[in-house]
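Colleague: Let me give you the structure first, and then I'll get to my questions.
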Amino acid sequence: VFGGQNPEIAPGYTETRFPNPDITWETSEMFNIGIDASFFNGKLNMEADWFYKKTNDILRERTDMPAILGYKLPAANVGKVDNRGIDLNITYRNNLRDFNYSVAGNLTWARNKVIDLLEPAGEKNNPRQRSTGHSMNQYFGYEALGLFQSDEEADNWPQPQFGKAKAGDIKYKDLNNDHVINEDDQCKIGHPTRPSYTFGLNYGADYKGFFFSMNWTGAAERSLLLEEFFRIPFGINSNNALMQFHADNRWTPETAETATVPRFATKTMTHNSKTSSLWVKNGNYLKLKTVTLGYNFRNVAALKRIGISELAIKLSGYNLLTFDK
């Protein structure tokens, strides 16, 4: 407020947090054990590696001060995460007279775990909602038990604090049995965004100038979360185009047994758009990433006369097949 007899309120600046002059780099410790092996005169080769990595001093926003105090603590080097896994590569090469071929497979299993992120403590803190002990980028939300099939069923179930449920709405699990659905009922849902398993298969062969190769790749133990735009028919302001999967899979009395998404409504349904296991989708996939087929022209007199010692013609395809959910 500025001024004497006629003071006025003017916009200005204020500090909302303390600075932290002690911010530094994160540090890590890593340990590996590896094995390289060869069999059958080098036809079969294997590489196996087990690794463990612990990362300390991760820069994080501190959340151990209650928000009611209205003052944010500065970011600090408080995070600790460990990561462990296995890398495995196996290759087999052989030839049958003029036919040469090779098969190579790789598999990686890797999983990280939050050791400490300086999460808030206290009796209000719900252990089911703590990141500590889980993987980074783990989803948390409500556990969906399907859709209510009638208004009577909805009336006899604990009601959510964020809207009265009716037939066709999501049925949330009351995890703490307090007969109400609220934030205390949120828990871990699905897998993290980063897959625990990644794998690939490469195959190659050639015969008298002809050659062929293909590459498969995939991932497992991975989840994807549909965001708000995909959860609300017609969008948040009811002015977006309707998505086909909403129209085809919505709940109606006639589709009650097969519906996989909630009913339509003329108003935005915050009850059904909450983050829940209903919107967590299986992110596993297996993909035929590349295929190549071709022929090598070698020792062709006509080509040598114009200065070409070798010429290859090939046809390649990318992302030809994908198997997923």
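The values are calculated or read from the model by the stated rules, or taken from the named source; none is laboratory data. Values in this document were obtained by computation on a predicted structure and should not be read as measured data. Virtual Cβ from ideal backbone geometry, glycine too; neighbours counted across all protein chains shown. Ligands, DNA and RNA are stripped out before the accessible areas are found, and what is left, the full protein with its side chains, is counted by its heavy atoms. Shrake-Rupley method; radii C 1.70, N 1.55, O 1.52, S 1.80 Å.
Colleague: With the requirement that a residue be aliphatic (A, V, I, L, M) and either open to solvent by 30 Å² or more (accessible area, probe 1.4 Å) or without any contact (Cβ under 8 Å) to a residue 24 or more places away in the chain (or both), what does the range 133-175 give you?
Modeller: The answer is MET136, LEU145, ALA154, LEU175.
Colleague: Still on this model: Which of the residues belonging to the range 274-299 are among the aliphatic types (A, V, I, L, M) and over 30 Å from GLY235 (Cβ atoms)? Even if it seems obvious, please write down each step before you answer.
Modeller: In the first step, residues of the range 274-299 are kept if they are among the aliphatic types (A, V, I, L, M); the result is 278, 280, 286, 288, 291, 293.
Once the filter is applied, which keeps residues that are among the aliphatic types (A, V, I, L, M) and over 30 Å from GLY235 (Cβ atoms), the range 274-299 yields LEU286, LEU288, VAL291, LEU293.
Colleague: Could you look through the range 22-58, keep only residues that are of a type in the set (D, E, K, R) and in a loop (DSSP other than H, G, I, E, B), and pick out the one that is least open to solvent (accessible area, probe 1.4 Å)?
Modeller: Ranking the candidates gives LYS43 first.
Colleague: What are the residue pairs meeting all of these: first residue in the range 184-198, first residue under 25 Å from LEU145 (Cα atoms) and open to solvent by less than 20 Å² (accessible area, probe 1.4 Å), second residue assigned to a loop (DSSP other than H, G, I, E, B) and among the polar types (S, T, N, Q), Cβ atoms under 7 Å, and 6 or more apart or on different chains?
Modeller: ASP185/ASN176; PRO192/SER135; PRO192/ASN137; PRO192/GLN138
Colleague: Moving on. Mind counting the residues in the range 224-251 that are hydroxyl-bearing (Ser, Thr, Tyr) and open to solvent by 90 Å² or more (accessible area, probe 1.4 Å)?
Modeller: The number of residues fulfilling the criteria is 0.
Colleague: So is LEU293 aliphatic (A, V, I, L, M) and either within 27 Å of the chain's Cα centre (by Cα) or assigned to a loop (DSSP other than H, G, I, E, B) (or both) or not?
Modeller: Details: aliphatic (A, V, I, L, M): yes; either within 27 Å of the chain's Cα centre (by Cα) or assigned to a loop (DSSP other than H, G, I, E, B) (or both): no.
When the stated conditions are applied, LEU293 does not pass them.
Colleague: Can I ask one more? Consider the range 73-97. How many of its residues are of a type outside the set (Val, Ile, Thr) and under 26 Å from the mean Cα position of the chain (by Cα)?
Modeller: 11
Colleague: Would you confirm whether or not the range 107-119 contains a residue that is open to solvent by 80 Å² or more (accessible area, probe 1.4 Å), within 29 Å of TYR142 (Cα to Cα) and either at pLDDT 95 or above or of a type outside the set (Gly, Ala, Ser) (or both)?
Modeller: Scanning the range 107-119 turns up at least one residue that is open to solvent by 80 Å² or more (accessible area, probe 1.4 Å), within 29 Å of TYR142 (Cα to Cα) and either at pLDDT 95 or above or of a type outside the set (Gly, Ala, Ser) (or both).
Colleague: Still on this structure, I have one more. Answer yes or no as to whether VAL103 is part of a strand (DSSP E or B) and touching a residue at least 60 places away in the same chain (Cβ under 8 Å).
Modeller: Criteria met by VAL103.
Colleague: Looking at the range 267-325 only, could you name the residues that are open to solvent by 90 Å² or more (accessible area, probe 1.4 Å) and touching a residue at least 40 places away in the same chain (Cβ under 8 Å)?
Modeller: Those that are open to solvent by 90 Å² or more (accessible area, probe 1.4 Å) and touching a residue at least 40 places away in the same chain (Cβ under 8 Å): LYS289, LEU293, ARG298, LYS314, ASP324, LYS325.
Colleague: Output yes when any residue across the range 206-216 is part of a loop (DSSP other than H, G, I, E, B) and over 30 Å from ARG250 (Cβ atoms), and no when none is.
Modeller: Looking for residues that are part of a loop (DSSP other than H, G, I, E, B) and over 30 Å from ARG250 (Cβ atoms), one finds at least one in the range 206-216, hence yes.
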